[in-house]
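Structure first, commentary second.
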Amino acid sequence: MGFAVTNSAVLRDQCGTCLFTSSLHIRLQHPPAFNQASPAIINPTVLGWDCRQRRAIPMNCQATAEKSGVSGNRMLVFVPPHPLIKHWISVLRNEQTPCPVFKNAMAELGRLLIYEASREWLPTISGEIQSPMGATTVEFVDPREPIAVVPILRAGLALAEHAPSVLPATNTYHLGISRNEETLQPSVYLNKLPDKFPEGARVFVVDPMLATGGTVVAAIQLIKDRGVDNKQIKVIAAVAAPPALQKLGKKFPGLHVYAGILDPTVNEKGFIIPGLGDAGDRSFGT
């Protein structure tokens, strides 16, 4: 099971090797090339662009997958091409960025990614109100169905800090998962998840660094065990790398991931390269 990557709201690709947007037909080499300097992860130097395609077209890119078509069962990865997202990623990458500025940049990036991820996903109600100039029909986000926000401690706290300012109704459930520095295996040390999520619950899992994927996979499995479907979960990350995305795509088809940028590699210690260092240490100075 592959995963699909896009830097626009329109995504129609297969197995990470072919991308279709509303204006370009882009065929990638295999594996995909990553541009380390920009959230637009596609490196134009290795692409062939065909501007004759003017609309999103579902198409398969490998002969072995020709019969499957574009399906809602694949994991989708979104990299929003917003200049503010690029700005805050650049601030986070800079090793000279002091701790308070780093934490603020992480919070601002989280605000933008959550805004993008909540597009067309929030339940709404309609009604009529009286404005100063007359009656009008309006639409509100339904406060009776709060979005569950699950930050993975520690660094997830910074990325999720502004979630309540973006989402009118939220419930926050803290989840502490540490990673063994030798085995890179996750270990849960704090679990404030409910015994059961309400039917149809929408959940944001907030984990700044998707490197090996062990931590986020453990978190999502805990949420699924409490009654949430893959398609009702969205992952918010500052930086993601192929090992984590491949693991997520295989284990949780239908999942949506929103990332500020995708980096190409993970080193032997489990750190994303070039990444931005230890997000927890740099956010809290400890």
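In this structure the amide hydrogen of G176, modeled in the peptide plane, comes within under 5 Å of the amide hydrogens of L153, Y189, L190, N191, K192, none closer than 5 places in sequence on its chain. In terms of the mean number of neighbouring beta-carbon atoms within 10 Å, the peptides 115-124, 166-175, 143-152, 210-219 order highest first as 210-219, 143-152, 166-175, 115-124. For the stretch 126-270, with all protein chains in place and a probe radius of 1.4 Å, 50% of the accessible heavy-atom surface sits on carbon or sulfur. Given a 1.4 Å probe and the protein chains as shown, L84 ends up with an accessible area of around 80 Å².
Surface calculation, 1.4 Å probe, protein heavy atoms: M209 sits at approximately 40 Å² accessible.
Of the listed residues D207, D278, D195, D225, the order by accessible area with a 1.4 Å probe, largest first, is D195, D225, D278, D207. For the stretch 235-242, 3J(HN,Hα) computed residue by residue from phi via the Karplus equation (6.51, -1.76, 1.60; θ = phi - 60°) reads 9, 10, 9, 6, 9, 10, 10, x Hz, glycine and proline entered as x.
What net charge is computed for the residues neighbouring L84, neighbours being all others with C-beta under 10 Å from the C-beta of L84, Lys and Arg scored +1, Asp and Glu -1? Charge balance near L84 sits at +1. Per-residue extension of 0.36 nm, minus the Cα-Cα distance of D281 and N94, leaves a gain of 65.9 nm for this segment. Between N73 and A169, the modelled label-to-label distance comes to 3.4 nm, taking each label 7 Å out from Cα in the direction of the beta carbon. Against the criterion of solvent-accessible heavy-atom surface with a 1.4 angstrom probe, E95, E181 sort, most first, into E95, E181. Within a straight-line Cα-Cα reach of under 20 Å, K224 can be paired with the following aspartates and glutamates, leaving aside sequence neighbours fewer than 8 residues apart in one chain: E145, D195, E199, D207.
When the pairs K103/K250; K103/K251; K196/K247; K86/K192; K196/K269; K196/K251 are compared against a 27 Å limit on Cα-Cα distance, K103/K250; K103/K251; K86/K192; K196/K269 fall above it.
The values are calculated or read from the model by the stated rules, or taken from the named source; none is laboratory data. Quantities reported herein were computed from a predicted structural model and do not represent experimental measurements. Quick reminder, even Gly has a Cβ in these numbers, built from the backbone with ideal geometry, and neighbours come from all protein chains shown. These accessible areas exclude ligands, DNA and RNA; they are computed on the full protein's heavy atoms, side chains included. Shrake-Rupley method; radii C 1.70, N 1.55, O 1.52, S 1.80 Å.
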